[in-house]
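Asks: To start, I am sharing the structure in question, which I have written as structure tokens.
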Amino acid sequence: CVDGLLPPDCDQFGGTFQGNGTDCIDIDCDPTPANDTCAGATEAVIGANAYDTSFAGAELADPSDAVCTGTFLDWAGSPDVFFTYTPDSDGALSLTTCDAASYDTSLAVYSGDCATITGDDNIACNGDASGQEGCQSYYSAIDNLPVTAGEQIIIRLGGWNGATGPGTLTLSFTGGNETAACCVGGSCAGETTFTDCNTLGGLWAQGETCATVSCPQPFAGCT
């Protein structure tokens with residue numbers, strides 16, 4: 001922070017003018033994001049959550065890609081930021097970093113609290129996802145992660161091979177009472193909650209009924 005500059009002089013130095021009547025004692029120029037560490041994690045809301053890893057650090061060990069093999073997680077010591085989310089009911093949580101103005105993200109999710117996670121004990125992760133429109137070339141997403149009422153989820157956002165930048169984390173939640181078609185063995189087993197469908201080993205089709213769903217057929221092998 002430099003005091004006493006007029007706006008044109010501030011611009012010439014490549015700075016951002018903070019307004020007339022301000023001085024350095026009132027301004028915090030530290031660009032480190034508030035949620036740079038797990039302990040400082042921001043509480044996420046359902047919907048869009050803005051973030052920026054441009055001036056973040058790297059706190060924990062790299063997440064393991066064992067639960068998202070082949071999705072190009074490639075954390076590589078990436079600077080990262082943290083969010084938390086605690087559901088009010090059992091259900092399914094979906095997360096995406098789809099944002100046309102964002103960068104090549106990587107995403108990891110943990111269950112528990114910051115005092116117990118080590119970094120490589122993530123329960124879910126994703127490097128590259130597909131199927132959404134209006135996204136950057138490489139975005140991350142986790143669909144229908146089962147969550148339990150009152151149990152905190154920690155969301156860690158980094159980048160492929162250390163990539164950084166601004167982005168948007170979007171959350172959607174399916175509560176325990178919502179019902180939809182449950183596909184088991186190639187046919188609809190009824191309209192159930194996500195939890196009940198998961199217990200049956202089925203594929204839950206949110207927004208569909210047995211009358212509208214097209215259940216994927218099991219692999220029949222080569223003939």
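Asks: With every protein chain kept in place and ligands, DNA and RNA left out, what is the accessible area per residue of the chain? Probe 1.4 Å, answer in Å².
Replies: I get 53 Å² per residue for this part.
Asks: If you don't mind, another one. Could you sort ILE117, ILE46 by accessible area so the largest value comes first, with the probe set to 1.4 Å?
Replies: Correct descending sequence by accessible area is ILE46, ILE117.
Asks: Specify which residue in the list ALA189, GLY91, GLY127 is farthest towards the positive end of the charge dipole of the chain, using unit charges on the beta carbon of Lys, Arg (+1) and Asp, Glu (-1), about the Cα centre.
Replies: ALA189
Asks: When the Cα centres of segment 196-217 and segment 80-128 are compared, how far apart do they sit, in Å?
Replies: Their Cα centres are 25 Å away from one another.
Asks: Dipole magnitude of segment 23-145 about its Cα centre, charges +1 at Lys/Arg Cβ and -1 at Asp/Glu Cβ only, in debye to the nearest 20?
Replies: Approximately 320 debye in magnitude.
Asks: A follow-up question, please. Once neighbouring chains are kept in place and the probe is 1.4 Å, which whole percent of the accessible area of segment 122-223 is contributed by carbon and sulfur? Provide the component values of the computation, followed by the final result.
Replies: Numbers: 2590 of 5300 Å².
Carbon with sulfur: 49 percent of the solvent-accessible area.
Asks: Which one of GLY70, LEU60, ALA100 has its Cα pushed farthest toward the positive end of the charge dipole of the chain, where Lys and Arg give +1 and Asp and Glu give -1 at the Cβ?
Replies: GLY70
Asks: Using unit Cβ charges (K, R positive; D, E negative) and no other charged atoms, how large, in debye to the nearest 20, is the dipole of the chain about its Cα centre?
Replies: 780
Asks: Take the solvent-accessible surface of the protein heavy atoms, probe 1.4 Å, and return the percent of it on segment 8-56 that carbon and sulfur atoms account for.
Replies: Answer for segment 8-56: carbon and sulfur cover 50 percent of the accessible area.
Asks: Of ALA34, GLN12, GLY165, which is farthest towards the positive pole of the chain's charge dipole, taken about the Cα centre with +1 and -1 on the beta-carbons of Lys, Arg and Asp, Glu respectively?
Replies: Value: GLY165.
Asks: Within segment 1-110, list the chymotrypsin sites (Phe, Trp or Tyr not before Pro) lying in a DSSP loop whose Cβ has at most 11 other Cβ atoms in a 10 Å radius.
Replies: Answer by residue number: PHE13.
Asks: Right, here's the next one. Using the Cα centre as the reference, give the magnitude of the dipole from point charges on the C-beta atoms of segment 106-223 (Lys, Arg: +1; Asp, Glu: -1; all else neutral), rounded to the nearest 20 debye.
Replies: Numbers: 1 positive and 11 negative charges, 33 e Å.
Approximately 160 debye in magnitude.
Asks: Now a separate question. Length gain on complete extension for the stretch THR22 to CYS210, per 0.36 nm per residue less the alpha carbon to alpha carbon distance?
Replies: Computed gain between THR22 and CYS210 is 61.4 nm.
Asks: Looking at the chain as a GNM with Cα springs under 10 Å, which of GLN132, GLN152, GLN12 has the largest mean-square fluctuation?
Replies: Among GLN132, GLN152, GLN12, the largest GNM mean-square fluctuation belongs to GLN12.
Asks: Kindly provide the helix-only [θ] at 222 nm of the chain, computed as the sum of -39,500 (n - 2.57) over DSSP H runs of four or more divided by all residues, to the nearest 500 deg cm²/dmol?
Replies: Working: 2 runs with 12 residues, N = 223.
Counting only the DSSP helices, I get -1000 deg cm²/dmol.
Asks: Return a whole-number percent for the relative contact order of segment 26-128, with Cα pairs under 8 Å and 6 or more residues apart as the contact set.
Replies: 33
Asks: I want to check the label-to-label distance for VAL67 and THR86. Put each point 7 Å from Cα in the C-beta direction and report it in nm to one decimal.
Replies: 2.0
Asks: Related question: Considering only DSSP beta bridges with both partners in segment 19-169, what is the antiparallel share in %, to the nearest 5?
Replies: Counting DSSP beta bridges with both partners in segment 19-169, the antiparallel share is about 90 percent.
Asks: When only Cα pairs under 8 Å and 6 or more residues apart are kept, what is the percent relative contact order across the chain?
Replies: 22
The values are calculated or read from the model by the stated rules, or taken from the named source; none is laboratory data. No experiment lies behind these values; they were computed from the predicted model shown. All Cβ positions, even for glycine, are placed from backbone atoms using ideal geometry, and neighbour counts span all protein chains on display. Side chains included, ligands, DNA and RNA excluded: accessible areas come from the protein's heavy atoms. Shrake-Rupley method; radii C 1.70, N 1.55, O 1.52, S 1.80 Å.
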